[in-house]
Amino acid sequence: MKDKTIPETFASIRGLIFQKQYEQAWAMLKGLSEPESQSGDAIALSARLQGQMGHHENAVSMFEDLESAWPERIMIFKLHASFLQEAGQTEDALDKARQMIEKFPDAVEGYIVAIECFELLGQSLEGLELAQRGIKKWPGNLEILDALTRLEPVCRQQNQTISDLSIAREEFELNHCQITPDEAFVARYMQLFSGREGVYAKQCRMKGRKLGYMPVYEALDKAKIKAHIAGDTTLGIYLVKRANTASLLVLDIDVGKAYLGGFLSNYNERERIKKLLIASAIKLIEVANRIGVNLLCESSGHKGLHLWAFSDFELPARHWRLLGKWMLEQLYGLPSEIQIEVFPKQEVVTEGGLGNLVKLPLGIHMASGQRSLFLDSINFRPVAVQREAIDNYQALTRSEFEEVMGRLTVAKLSSTGSTEQRIHEENFSRACNENNKNTTEMNSRDFALRVKIALPERFTIEIEQILAGCRPLCEILTQIMHSQNIEPSWRHVLIYIFATVGEEGKVFIHQLLSQLPDYDPDRVNAEIKAVPPTTMSCNKVRKNLSTLIIKTGCNCQFRLPQGCYASPVVHAGIFPGAEKTLFRPVMQPVALSSRELIAGASAAIDRLMREYNLIGEEILKARQRQQILHRQINRLFDECGSETIVTRIGSYNRLSELPETVNVILPDSISKPSVE
């Protein structure tokens with residue numbers, strides 16, 4: 001011992017441990033002088049030897065003490081990790097290696113230990129990913145290069161195996177999807193997927209063996225559709241018709257070009273991007289549902305998804321494009337791996353042109369050899385019976401499309417988005433109200449779309465309080481709903497009163513005026529912007545509605561704070577004044593005239609009675625549905641001739657007779673209370 005230096009002594013001890021000559025190694029450690037035995041290297045060797053001799057807990061405790069005493073010495077952490085590896089605790093060793101990477105980011109030792117642990121655990125893909133990160137930091141490191149040499153072929157084989165299994169699973173699902181192209185199915189298919197007249201597209205090999213589409217100037221008939229579904233040919237349609245109209249919208253969700261190579265070659269990358277594709281589709285479906293548009297989901301058969309929307313009438317292609325663009329603008333923070341295109345891609349296609357095409361569903365994509373199928377919009381797995389996807393789809397009617405545009409108008413009013421978004425939405429509502437000028441081939445009614453906003457079952461409390469308190473305004477509401485026509489002065493009063501009741505008031509104006517045949521969102525917005533900050537007084541209301549007030553009367557009286565003037569908005573606790581407007585919750589009726597019973601105080605009973613009646617109607621509907629189900633279920637027991645039916649899920653007994661129906665009294669109308 002005296003003849004050796006300290007490093008040589010420690011090297012000898014390590015050699016003895018490696019040769020499993022633990023007793024001799026322990027004797028050498030015991031022979032160290034006191035200062036030498038208290039060094040970090042000596043304690044680390046002692047801990048390692050303790051573990052090899054079966055004293056595992058003592059060894060772990062010693063390593064932890066060493067790490068606390070010398071937290072800056074990476075060799076101690078490395079010895080600890082090596083000890084855990086030798087003890088068969090590879091996952092614990094991996095955790096220690098991760099700790100080294102975090103604590104010593106500029107040291108290669110943590111990477112090398114972690115890569116070894118991944119290999120021992122059989123996690124080659126994770127080890128390769130870490131080695132690829134490490135070689136970027138230390139380009140010439142031989143140990144990491146050796147690891148890459150070992151791991152790359154293993155991972156390629158694993159990727160191929162996983163990919164083959166994934167393809168086999170998908171093929172299994174595809175083979176179990178039922179596609180029956182009978183006459184009824186093909187007729188429905190052609191009704192929905194209707195493109196430009198007298199032409200369709202056929203996928204084929206172009207020069208250089210590159211895939212492309214060639215136009216075929218023939219009508220697309222049932223025989224060609226059946227050949228497409230059978231896989232004998234692959235067809236597409238040009239969406240914009242000769243009158244620059246379309247009856248369908250497609251949102252094409254695809255992989256960005258920069259990520260396409262990894263998507264096609266790497267299983268893990270493909271699965272990661274697939275999740276992003278589905279997440280984007282889910283967001284679009286949610287956006288569409290909010291405005292009343294049902295999207296039909298389809299796998300493209302290659303690398304993306306198609307979301308389809310249909311109408312049962314033709315409308316200008318620009319309307320579909322504006323709707324699609326609006327939906328895309330709701331996807332904030334779209335991942336860079338994903339790109340989404342809106343079809344139709346053109347608003348106008350000149351004579352002799354075709355516009356862009358979209359491949360028809362259920363055909364074989366020649367690039368992948370896979371069939372495109374309709375997917376369940378919840379789990380994104382192929383629909384088992386494909387015809388159900390289009391049989392159950394309800395195309396938008398004219399009135400439904402008008403309501404969709406109305407919802408977008410309300411969304412615009414409620415939006416706090418960017419200036420660009422507001423400009424786009426204004427352009428949308430303007431475009432929706434423009435009649436197409438090229439009406440030579442079609443009746444002008446096919447282009448005269450209205451923005452129609454469905455009225456809610458309930459307005460906000462402030463709106464209802466004003467309507468309940470002010471007879472003339474309530475009469476204007478009645479006139480709009482029944483005659484769909486009002487005098488210009490009535491319109492003026494309506495806008496001037498409710499434009500000052502915040503965003504809810506502006507939305508109410510649009511909701512109400514959209515019931516008129518000449519409704520134009522941009523015109524109404526301009527009228528709202530022209531309203532001054534202070535609302536109209538009762539005196540000006542009487543002046544503008546002089547003929548109407550003869551019929552309804554207008555004799556409300558108010559207790560007003562000093563400096564405030566009378567106005568219909570006082571019924572909602574808004575007290576306008578020359579200098580400022582006061583806002584006070586209306587806890588007690590404000591009106592003092594004989595209208596008090598109907599104006600302020602009755603607003604509560606009006607709301608409660610309406611809600612009570614609605615609940616009663618729902619109870620009746622639920623009871624009727626229960627009776628129908630009761631008959632259907634017991635009919636099944638009659639057919640099988642048994643009082644019990646056993647399924648894979650459970651056991652069921654025949655239903656007993658329902659109790660007598662509870663009568664719910666629903667008045668045909670609410671009579672007005674008499675005022676004495």
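Apply the a/c threshold of 1.5 to the C-alpha gyration tensor of segment 290-337 and tell me whether it is rounded, prolate or oblate.
Oblate, because a/c is 1.5 or more while a/b does not exceed b/c.
Among Lys274, Lys20, what's the order by accessible area (1.4 angstrom probe), most exposed first?
Descending accessible area places them as Lys20, Lys274.
Relative to the present Cα-Cα distance, how much length would full extension add between Ile628 and Arg584 at 0.36 nm per residue of separation?
So the extension gain works out to 10.7 nm.
What pairs in Lys303/Lys325; Lys96/Lys257; Lys78/Lys136; Lys325/Lys580 have C-alpha atoms more than 30 Å from each other?
Table pairs above 30 Å Cα-Cα are Lys96/Lys257; Lys325/Lys580.
For segment 66-152, what does the accessible surface come to per residue with a 1.4 Å probe? Please give it in Å².
In whole numbers, segment 66-152 has 51 Å² accessible per residue.
First select every other residue whose beta carbon is under 11 angstrom from the beta carbon of Pro181; then total the charges, Lys and Arg +1, Asp and Glu -1.
Net local charge, Pro181 excluded: +2.
Name the shape class, rounded, prolate or oblate, that the alpha-carbon gyration tensor gives for segment 361-408, where a ≥ b ≥ c are the square roots of its eigenvalues, rounded holds for a/c under 1.5, and otherwise prolate holds if a/b is larger than b/c and oblate otherwise.
prolate
Which net charge results when you count Lys and Arg as +1 and Asp and Glu as -1 among the other residues whose beta-carbon is under 13 Å from that of Phe498?
-3
Taking a 20 Å limit on the Cα-Cα distance, which of the listed pairs Lys241/Lys359; Lys202/Lys224; Lys103/Lys137; Lys283/Lys506; Lys202/Lys222 fall beyond it?
Lys283/Lys506
Work through the residues other than Cys564 whose Cβ is under 14 Å from its Cβ and net out their charges, Lys, Arg +1 and Asp, Glu -1.
Around Cys564, the charge tally is +2.
Within the accessible area of segment 212-274, what % is carbon and sulfur when the probe is 1.4 Å and the other protein chains stay in place?
54
Run the accessible area of segment 83-122 with a 1.4 Å probe and give the carbon-and-sulfur part as a rounded percent.
That fraction is 42 percent.
The values are calculated or read from the model by the stated rules, or taken from the named source; none is laboratory data. None of these values were measured; they are calculated from a predicted model. With ideal geometry, Cβ positions are generated from the backbone for all residues, glycine too; neighbour counts draw on all protein chains shown. Side chains included, ligands, DNA and RNA excluded: accessible areas come from the protein's heavy atoms. Shrake-Rupley method; radii C 1.70, N 1.55, O 1.52, S 1.80 Å.
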